[in-house]
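Asker: Input: one structure, supplied below.
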Amino acid sequence: MSEQAIFRVTNHHSDACGTPPAIDDSVPDRYLGYFENEHGEQAIFVYDRARRFGTLSLGDAGWEHSHAVVEGTVAGVALGAVEQAWLAACWKAATGA
C-alpha cells in the first residue's frame, strides 16, 4: 500500500485563529471530513468509530477549541445552512445513521 498523500490543505485563517489541528489518517477506524465555504472559512470533522465520538474544529471559531458533535449536531457554535448540511452528511457517512 502506498503512503502517498491524496489530499493536502493549508490553513486559510489568520494567526489570531490559533494553530490548526494536524489531522492524518494514521489512527485507525476514524472518519475525517473537510469543509470550506465560499469565504474560505474551513472546518474539520473527525469521528472516532471505536469511541463513537465526533468533534468539529472551525478556523473562524478558533482552531484550538474543538466542539463535540452529538447525533450530527454541534452545540455552542452557529453554523450556516450549508455547514449544517455538510456536517449532517459527514455524520451519516461516519455512522450510517
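Values quoted throughout were computed directly from the atomic coordinates according to the rules given, and no laboratory measurement underlies them. Keep in mind that this is a model prediction, so the values were computed, not measured. Methodologically, a virtual Cβ is constructed for each residue, glycine included, from the backbone with ideal geometry; neighbour enumeration extends over all protein chains shown.
Asker: Counting just the residues of region 38-52 that are under 13 Å from the mean Cα position of the chain (by Cα) and of a type outside the set (Val, Ile, Thr), which one comes out surrounded by the most Cβ atoms within 10 Å (Cβ to Cβ)?
Answerer: Step by step, filter region 38-52, then rank; the result is Phe45.
Asker: Is one or more of the residues making up region 53-60 crowded, with 17+ Cβ neighbours inside 10 Å, free of Cβ contacts under 8 Å to residues at least 24 places away in the same chain and not aliphatic (A, V, I, L, M)?
Answerer: No.
Asker: Let me ask you something else. Considering region 53-87 alone, what residues qualify as being over 11 Å from the mean Cα position of the chain (by Cα) and charged (D, E, K, R)?
Answerer: If the condition is that a residue be over 11 Å from the mean Cα position of the chain (by Cα) and charged (D, E, K, R), then Asp60, Glu64, Glu71 are the ones that fit.
Asker: State the number of residues belonging to region 1-31 that are within 19 Å of Thr73 (Cβ to Cβ) and without any contact (Cβ under 8 Å) to a residue 40 or more places away in the chain.
Answerer: Result for region 1-31: 0.
Asker: Select from region 12-37 the residues that are surrounded by fewer than 16 Cβ atoms within 10 Å (Cβ to Cβ) and at positive phi and list them in ascending order.
Answerer: Correct list: Asp29 only.
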